[in-house]
Amino acid sequence: MEVHFDFATALVIAAVLTGGVWALDAAVLSGRRGGVTGPNAHPVPWYVEYSRSFFPVILIVLLLRSFVVEPFRIPSGSMMPTLQNGDFILVNKFAYGLRAPVINQKFLGDGKPERGDVVVFRYPEDPSVAYIKRIVGLPGDRLAYRDKVLYVNGEAARQTPVSDGEWESQGLLTRTEQLGAMEHDILVSGYSRNWTWEHVVPEDSYFVLGDNRDNSRDSRFWGFLPDENLIGKAFLIWMNLDCVTGNGNCGRIGDRIR
């Protein structure tokens, strides 16, 4: 999932500019032009009118996006079958503590991810890009992967085969994987080689995998996810691009992400 435009920074700049113009006008400029009303009043400049109109809207959007929920769009299949290309999702921004926009410094709350959470985060190799994956390893966990099965602290994450003709026709096998009390579906390729690896997750870091296990660029390639890179927890599919264009997938709207 890529973000090519820093919308948060743009919102902060817009809020500062419009709020500053509005405050400056109220404190200084309106008096110089004879007030807002009266026989000596001059017309209000266009930039002041625009600032008065847009500042409250920009501020509300900034607060909601920074501290409540933020929308994202899924552009790839790395999280299939849980999320599909074209899904629009909502991300809970306060699940893991509130962070100041732009500087991303946590200032309130101490929530921590749980094993199995689907999270959106700033890609460690390029923080301007947002990624979405599933957390499979918490700080201190010993992880291993053999024969397409994940092992957490020596115990295999139970997998149950699921019959799904749609994915089988593409050479993919569907399995329900259980991480602790959480269950979710994953896809594994019937043709790709078996990955074998072992890792110990360091402090303040997580190990993340895509649910499309053999078609995902995740911690296996770029390493551990630092806690400071977390953006929030994905929790709802609110739209799908195929539904908008009339090509189906409308039934996914409203599904909770698990």
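Out of all the residues in the stretch 70-80, is one or more touching a helix residue (DSSP H, G or I) at 6+ places or on another chain (Cβ under 9 Å), touching a residue at least 60 places away in the same chain (Cβ under 8 Å), among the aromatic types (F, W, Y) and closer than 19 Å to V208 by Cβ? No. Filtering the stretch 178-223 to residues that are of a type in the set (F, W, Y), outside any loop (DSSP other than H, G, I, E, B) and over 23 Å from the mean Cα position of the chain (by Cα) leaves only W197.
Mind checking which residues of the stretch 24-46 are at pLDDT 75 or above and surrounded by 13 or more Cβ atoms within 10 Å (Cβ to Cβ)? L24, D25, A26, V44, P45 - these are the residues of the stretch 24-46 that are at pLDDT 75 or above and surrounded by 13 or more Cβ atoms within 10 Å (Cβ to Cβ).
Could you list, in sequence order, the residues of the stretch 88-120 that are outside any loop (DSSP other than H, G, I, E, B) and within 16 Å of V69 (Cβ to Cβ)? F88, I89, L90, V91, N92, L98, R99, V118, V119, V120, listed by residue number.
Okay, residues lined up against (1) of a type outside the set (K, R); (2) closer than 17 Å to G116 by Cα; (3) in contact with a helix residue (DSSP H, G or I) (Cβ under 7 Å, 6 or more places away or on another chain):
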{"position": "D185", "(1), (2), (3)": "yes, yes, no"}
{"position": "S189", "(1), (2), (3)": "yes, no, no"}
{"position": "D214", "(1), (2), (3)": "yes, no, no"}
{"position": "L225", "(1), (2), (3)": "yes, yes, yes"}
{"position": "L236", "(1), (2), (3)": "yes, yes, no"}
{"position": "G246", "(1), (2), (3)": "yes, no, no"}
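Consider the stretch 47-65 and keep the residues that are surrounded by fewer than 19 Cβ atoms within 10 Å (Cβ to Cβ) and touching a residue at least 40 places away in the same chain (Cβ under 8 Å). The one that is nearest to S216 (Cα to Cα) is R65. Residues that are hydroxyl-bearing (S, T, Y) and free of Cβ contacts under 8 Å to residues at least 24 places away in the same chain within the stretch 175-221 comprise T176, Y191, S192, listed in sequence order.
The set of residues in the stretch 228-251 that are charged (D, E, K, R) and either modelled with pLDDT of 90 or more or not assigned by TED's automatic domain parsing to the domain that holds D211 (or both) comprises E228, K233. Take P124 and tell me if it is in contact (Cβ under 8 Å) with a residue 12 or more places away in the chain, touching a Lys or Arg at 6+ places or on another chain (Cβ under 8 Å) and in a loop (DSSP other than H, G, I, E, B). No; evaluated as a whole, the condition is false for this residue.
Sort through E166, E177, E203 and tell me the only one that's farther than 16 Å from P113 by Cα and at pLDDT 95 or above.
From the options E166, E177, E203, the qualifying one is E177.
The values are calculated or read from the model by the stated rules, or taken from the named source; none is laboratory data. Everything numeric here is computed off the predicted structure, so don't read it as measured data. We place every Cβ from the backbone using ideal geometry, glycine too, and count neighbours over all the protein chains shown.
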